[in-house]
Amino acid sequence: GPAGLASGCTIMPVKVLDSGGGGTDLTVALGVTYAADHGAQIINMSLGAVSYSRGEEAAVDYAWEHGVVVVAAAGNNNNDAVHYPAAHDNVLAVSSVTASDTRSSFSSYGDFVDLAAPGSSVISCYRGNCYGRMSGTSMASPHVAGLAALIRSRNPTLTNVEVRHILENSADDLGEAGWDRYYGHGRINGRRALEA
């Protein structure tokens, strides 16, 4: 099957949504807190909504204060509606790009976007023991989380602040020069990030 960016890292699956993909801000907050309390160094959240939750933000801040790098999908609304948990200050919000480094047509954008990653037609696992192609910022954010894990596996002494700076400063600038609302600091670049 497909290999991730940090294939040697341990994964701690934390279920916060029901089998239909529904859930509450409380279950997300409890899952983030659980992961932080049980040694997670990176948290990926391929989920979200346009509604703000103080409890969810508090959980994200709690994880950040415990050294966790927190990553989330920017949303698939093709507009600039703020998407949570991606829009919380201590989360790396990830938009989606195609294989040709253009913004995916579905990808949300806005002042909260930090980075971009491949999210269009990504090979993924399907139920029934098979593989298929999926698209969404929920496919893009794991690329950023995986690269953060790879960076930390190479240098475990790095803080979450340092990992975030490496990811942002090593990204390939797309769109307007510098940070922009479609790609954030740019599309992640694994080689440049590891060199940094």
statement: Among PHE106, PHE112, the single one that is open to solvent by 20 Å² or more (accessible area, probe 1.4 Å) and over 28 Å from SER19 (Cα atoms) is PHE112
field: Single residue of the range 123-140 satisfying the filter (outside any strand (DSSP E or B) and of a type in the set (Gly, Ala, Ser)) that is farthest from the chain's Cα centre (by Cα)
entry: GLY128
task: Test each condition in (1) in a loop (DSSP other than H, G, I, E, B); (2) under 29 Å from PRO156 (Cα atoms); (3) open to solvent by 40 Å² or more (accessible area, probe 1.4 Å) for SER51 and report the one that comes out false.
output: (2)
Among (1) open to solvent by less than 50 Å² (accessible area, probe 1.4 Å); (2) without any contact (Cβ under 8 Å) to a residue 24 or more places away in the chain; (3) among the aliphatic types (A, V, I, L, M); (4) under 22 Å from ALA49 (Cα atoms) - the single one LEU158 does not satisfy: (4)
statement: In the set ALA29, ALA3, ALA35, ALA59, the lone residue that is of a type in the set (A, V, I, L, M), crowded, with 21+ Cβ neighbours inside 10 Å and closer than 19 Å to LEU147 by Cα is ALA35
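Do we find that SER120 is surrounded by fewer than 24 Cβ atoms within 10 Å (Cβ to Cβ), under 16 Å from the mean Cα position of the chain (by Cα), at negative phi and not in a loop (DSSP other than H, G, I, E, B) in this structure?
Details: surrounded by fewer than 24 Cβ atoms within 10 Å (Cβ to Cβ): yes; under 16 Å from the mean Cα position of the chain (by Cα): yes; at negative phi: yes; not in a loop (DSSP other than H, G, I, E, B): no.
Against the criterion (surrounded by fewer than 24 Cβ atoms within 10 Å (Cβ to Cβ), under 16 Å from the mean Cα position of the chain (by Cα), at negative phi and not in a loop (DSSP other than H, G, I, E, B)), SER120 does not qualify.
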message: Regarding the range 53-72, can at least one residue be identified that is farther than 17 Å from ARG164 by Cβ, out of contact with any Pro (no Cβ under 9 Å at 6 or more places or on another chain) and among the polar types (S, T, N, Q)?
response: no
field: Search result, residues across the range 156-196 that are hydrophobic (A, V, I, L, M, F, W, C), in a helix (DSSP H, G or I) and in contact with an Asp or Glu (Cβ under 9 Å, 6 or more places away or on another chain)
entry: LEU167
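Answer yes or no as to whether VAL82 is under 17 Å from ALA148 (Cα atoms) and touching a residue at least 24 places away in the same chain (Cβ under 8 Å). Outline the logic, then answer.
On the way: under 17 Å from ALA148 (Cα atoms): no; touching a residue at least 24 places away in the same chain (Cβ under 8 Å): yes.
Answer is no for this residue.
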- prompt: Is it the case that some residue within the range 15-27 is within 25 Å of GLU168 (Cβ to Cβ) and of a type outside the set (Asp, Glu)?
  reply: no
message: Tell me yes or no: at least one residue of the range 136-147 is of a type in the set (Ser, Thr, Tyr), in contact with a Gly (Cβ under 9 Å, 6 or more places away or on another chain), surrounded by fewer than 24 Cβ atoms within 10 Å (Cβ to Cβ) and free of Cβ contacts under 8 Å to residues at least 40 places away in the same chain.
response: no
- request: Would you be able to say whether some residue in the range 172-185 is within 21 Å of SER105 (Cα to Cα), open to solvent by 80 Å² or more (accessible area, probe 1.4 Å) and among the small types (Gly, Ala, Ser)?
  value: yes
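Hey, could you check the range 73-95 for residues that are among the small types (Gly, Ala, Ser) and out of contact with any strand residue (DSSP E or B) (no Cβ under 7 Å at 6 or more places or on another chain) and say which is most open to solvent (accessible area, probe 1.4 Å)? Step through it out loud before you land on a result.
Applying the first criterion (among the small types (Gly, Ala, Ser)) to the range 73-95 yields 73-75, 81, 86-87, 93, 95.
With the extra rule that they be out of contact with any strand residue (DSSP E or B) (no Cβ under 7 Å at 6 or more places or on another chain), the set shrinks to 75, 81.
Working: GLY75: 3, ALA81: 35 Å².
Top of the filtered list is ALA81.
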task: Select from the range 1-16 the residues that are modelled with pLDDT of 95 or more and aliphatic (A, V, I, L, M) and write down the one among them that is farthest from GLU56 (Cα to Cα).
output: MET12
Residue list for the range 89-104, restricted to those being over 10 Å from the mean Cα position of the chain (by Cα) and part of a loop (DSSP other than H, G, I, E, B): ASP89, ASN90, THR98, ALA99, SER100, ASP101, THR102, SER104
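The values are calculated or read from the model by the stated rules, or taken from the named source; none is laboratory data. Being a predicted model, the structure only gives us computed values, none of them experimental. Here the Cβ is made from the backbone with ideal geometry for all residues, glycine too, and neighbour counts use every protein chain on show. Heavy atoms of the whole protein, side chains included, go into the accessibility calculation; ligands, DNA and RNA do not. Shrake-Rupley method; radii C 1.70, N 1.55, O 1.52, S 1.80 Å.
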